[in-house]
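All remarks here apply to the structure that follows.
Values quoted throughout were computed directly from the atomic coordinates according to the rules given, and no laboratory measurement underlies them. Since the structure is predicted, the reported quantities are computational estimates derived from the model, not experimental observations. Every residue, glycine among them, receives a Cβ derived from its backbone with ideal geometry; neighbour counts consider all protein chains shown.
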Amino acid sequence: MVYPRFMADSFWNFSEACELVGARYPAIPLGLITVAALLPKSWNVRLVNRNTEELADSDLDWADMVMTGGMLFQQSDSLELIDMCRARGLPVVVGGPDATSSPHRYESANFRVLGEVEDIIGQFIADWEQGVREGMYVAPKFQVDVTKTPVPRFDLLKFEQYLYIGVQFSRGCPFTCEFCDIIELYGRSPRTKSHDQMLAELEALYRLGYRGHVDFVDDNLIGNKKAIKAFLPTLEKWIEQHDYPFEFTTEASLNLTDDGELLAMLKRSNFFAVFVGIESPDTETLIAMRKKQNTRRSIPESVHKIYHAGMFVTAGFIVGFDTERGSVAEPMIELIEESAIPIAMVGLLYALPNTQLTRRLAREGRLHVDHDSAPAGKGDQCTAGVNYETKRSRLEILRDYRKILERVYDPDAFCGRLERLAGMLDCSNRRKELPEGDIRRRLSTINMVHELLSRLPEGRERFWKAFTACMSRNPQSVRAIVTLMAFYLHVGPYSRYVMKQIDRQIEDLEQGRFVAPKLLPPVAPERVAVNA
Ligand code: SF4
């Protein structure tokens with residue numbers, strides 16, 4: 001099993017934060033180790049994650065088959081890997097979200113196993129055993145009963161290579177955000193695992209000796225509120241009985257803040273951070289993108305409720321929607337500041353394959369011809385977004401985007417948000433000591449603070465001032481504050497790298513050097529539906 005490399009320059013790799021605690025990459029290849037658990041016991045599996053280690057010739061010589069797959073921003077490496085295997089005569093099987101959304105990009109693989117794999121892997125295995133060496137298997141949509149999904153092969157991982165370990169409770173989300181591919185891949189009725197099954201996964205990690213940060217990778221953990229509220233007391237009891245070996249994070253929609261009981265349950269279950277998709281400060285834009293759950297509320301107040309429940313918030317914001325009127329920069333900066341969100345992942349809108357947005361743009365004839373191929377070069381949606389013809393001027397979108405990055409990741413602004421966060425974050429139930437074996441133990445030492453400050457390229461004095469202010473205001477928030485400072489080691493310089501790339505694009509537009517990519521001709525609605 002080979003997990004392809006992500007694009008080198010990405011908001012999400014937090015490379016400097018990884019280095020600080022001796023890890024190599026934030027997240028594990030949870031999909032591949034789940035597939036590994038579905039294979040016959042007699043098959044020997046070796047896992048190579050190209051984001052954390054080299055794929056050696058000897059690995060390929062050893063294998064009878066290579067299984068791979070990943071997301072759009074792993075497409076280039078996936079295709080390279082497929083070519084490498086085929087050149088050696090080694091059969092290669094591809095699956096995962098990008099191959100499912102854009103199967104035509106992966107025709108060079110011997111096998112394509114598309115969609116949720118649990119119900120089709122058996123047929124693939126039977127065919128393979130019969131000597132079949134080419135084929136395509138397509139899972140019916142959203143049919144998999146996840147209560148039958150086995151415990152992932154966590155034993156294949158080298159825990160020390162990762163910042164955190166992922167587990168999954170549910171698949172699917174009830175909302176309808178236009179730009180989102182989750183609902184196309186997993187459906188709108190969240191399917192959840194059983195309590196015993198989740199505890200078996202945590203127990204497996206515990207027995208293998210893992211201690212530390214565990215991320216519930218669900219795209220919206222509260223998609224089925226009834227199910228998660230039924231599970232959390234079980235989780236709370238388990239971690240208490242096991243003396244708090246794990247601290248949790250997840251992703252959730254902002255309507256989480258409408259349910260005080262759920263917030264309190266997450267707090268008691270040892271959740272310390274949540275990623276929330278906020279996307280835009282503009283109500284008309286939120287309605288147009290069908291993110292109504294973020295309207296009719298004060299977003300800053302909602303975020304502060306999460307702080308009062310002991311979890312810090314990281315959030316996603318997007319620039320480039322059709323309905324943006326005039327500049328969105330100032331309102332977006334104001335929203336991030338008022339909410340006191342230190343890490344705001346601000347990206348350019350990217351029409352992902354297999355979304356309502358992409359189907360609409362296809363009907364309107366506004367999609368770039370190569371919209372579903374991974375962006376050339378090393379970047380992600382921060383540098384290579386807007387893969388469609390914009391309604392608002394492209395130049396204005398890019399200027400807005402640059403302004404937001406410049407202001408939000410200015411060290412003084414970042415530190416100000418940290419200080420305000422420390423004033424609100426209720427860490428009263430947070431254990432002071434992390435368990436033995438947790439790589440984040442290094443983060444809670446004063447030496448680590450000095451090391452971190454020595455690595456900060458600029459604003460060192462400002463960061464020290466913020467650290468001391470946070471400590472006098474809320475000493476229990478130390479771990480959260482140091483963690484967020486460690487993230488700045490990556491996002492600070494990364495935002496400046498993105499600004500440079502955007503400056504080049506702005507200059508090309510201003511100088512008339514920008515050559516607009518060719519557009520796909522408009523696609524008739526019924527044809528779009530067939531493709532979808
Ligand atoms: S809430 Fe999140 S996961 Fe759900 S549809 Fe919207 S973007 Fe997708």
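Cysteines of the chain lacking any other cysteine Cβ under 4.7 Å from their own Cβ: C18, C85, C173, C382, C415, C427, C470.
Ordering A27, L202, L425 by Cα displacement along the dipole of the chain toward the positive end leaves L425 in first place; charges were set at the Cβ atoms of Lys, Arg (+1) and Asp, Glu (-1).
Comparing Cα centroids, the range 213-254 and the range 489-521 end up 39 angstrom apart. Kirkwood's formula applied to the C-alpha pairs of the range 463-518 gives a hydrodynamic radius of 14.2 angstrom.
The base-10 log of I(q)/I(0) for the chain, evaluated at q = 0.09, 0.12 Å⁻¹, reads -0.66, -1.26 [Debye formula, identical scatterers on Cα atoms, solvent excluded].
Expressed to the nearest 5 percent, the antiparallel share of DSSP beta bridges inside the chain is 10 percent. Look at the dipole of the range 433-528 built from charges on Cβ: of F514, G459, L489, the Cα furthest out on the positive end belongs to G459.
Which entries of K291/K465; K292/K500; K225/K391; K41/K267; K267/K291; K237/K305 show an alpha-carbon separation above 29 angstrom in the structure shown? Listed pairs above 29 Å: K291/K465; K292/K500; K225/K391; K41/K267. For the range 1-78, applying the loop criterion from DSSP together with a ceiling of 15 other beta carbons within 10 Å to the chymotrypsin sites (Phe, Trp or Tyr not before Pro) yields W43. Rg then Dmax, both in Å and based on the Cα atoms of the range 134-266: 15.7, 53. Here the chain is assigned +1 on the Cβ of each Lys and Arg and -1 on the Cβ of each Asp and Glu. Its dipole about the Cα centre then comes out at about 780 debye. The convex hull built on the alpha-carbon positions of the range 381-430 has an orientation-averaged projected area of 5.6 nm². Once you compute Rg and the Kirkwood Rh from C-alpha atoms, what is the Rg to Rh ratio for the range 379-532? Using only Cα positions, Rg/Rh for the range 379-532 is 1.15. Loop-located GluC sites (Glu not before Pro) in the range 64-121 (DSSP state not H, G, I, E or B) with no more than 15 neighbouring Cβ atoms inside 10 Å: E107.
Positive end of the dipole of the chain (Cβ unit charges, origin at the Cα centre): among I183, S170, L262, the Cα lying farthest that way belongs to L262.
Here the range 128-183 and the range 453-478 have alpha carbon centers that stand 40 Å from each other.
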